[in-house]
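Below is one structure, written out as C-alpha cells; comments come after it.
Derivation of every value follows stated rules applied to the coordinates shown; laboratory data play no part. Just so it is clear, the structure is predicted and the values come from calculations on it, not from any experiment. No Cβ is skipped: glycine too gets one built from the backbone with ideal geometry, and neighbour counts run over all protein chains shown.
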Amino acid sequence: MRTERLTMAIYGLGCGGGGALTVERALAKVPGVSRAYVNPATEMAYVEYDPALARAEQLVVAVERVGFRAGEPTVR
C-alpha cells in the first residue's frame, strides 16, 4: 500500500473542537484514508491516504457534506 499525505484548509471551524472532530470522522470514512487530523486553531486538515483507493476530490466532498468548506488540497 502506497500512501500520500495532503493538507487542506477547512473554513468555518471556529475555536471549538466539535467541528474538527466532525470533519475528522468524515475524512476517516473515505475508503483509503488511514489517518486524518484536523487542527481547529489553524483550520487545517492533515490526511494520510492510499491514492489507489481515494482521490483528493473525494476528501473535499466529504468535508463539504458535513457543512464545512475545504480549500485546495496540497499533496506533500
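Figures for the structure shown
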item: Under Karplus coefficients 6.51, -1.76 and 1.60, residue-wise ³J(HN,Hα) of region 41-54 in Hz, glycine/proline x; result: 5, 9, 6, 10, 10, 10, 10, 10, 8, 8, x, 6, 10, 9
item: Assigned charges on the beta-carbon of Lys, Arg, Asp, Glu; region 4-75 dipole about Cα centre (debye); result: 180
item: Nearest-ten-degree value, helix 56-65 long axis tilted from longest Cα axis of the chain; result: 30
item: Helix 18-28 vs. the chain, principal-axis angle (Cα, 0 to 90°, nearest 10); result: 10
item: Value at 222 nm in deg cm²/dmol, rounded to 500, when DSSP H runs of n ≥ 4 in the chain each add -39,500 (n - 2.57); result: -8000 deg cm²/dmol
item: Approximate spin-label separation Thr7-Arg35, in nm, with each point projected 7 Å along Cα-to-Cβ; result: 1.5
item: Translational D in µm²/s for the chain (Stokes-Einstein at 10 °C, 1.306 mPa s, Kirkwood Rh from C-alpha pairs); result: 134
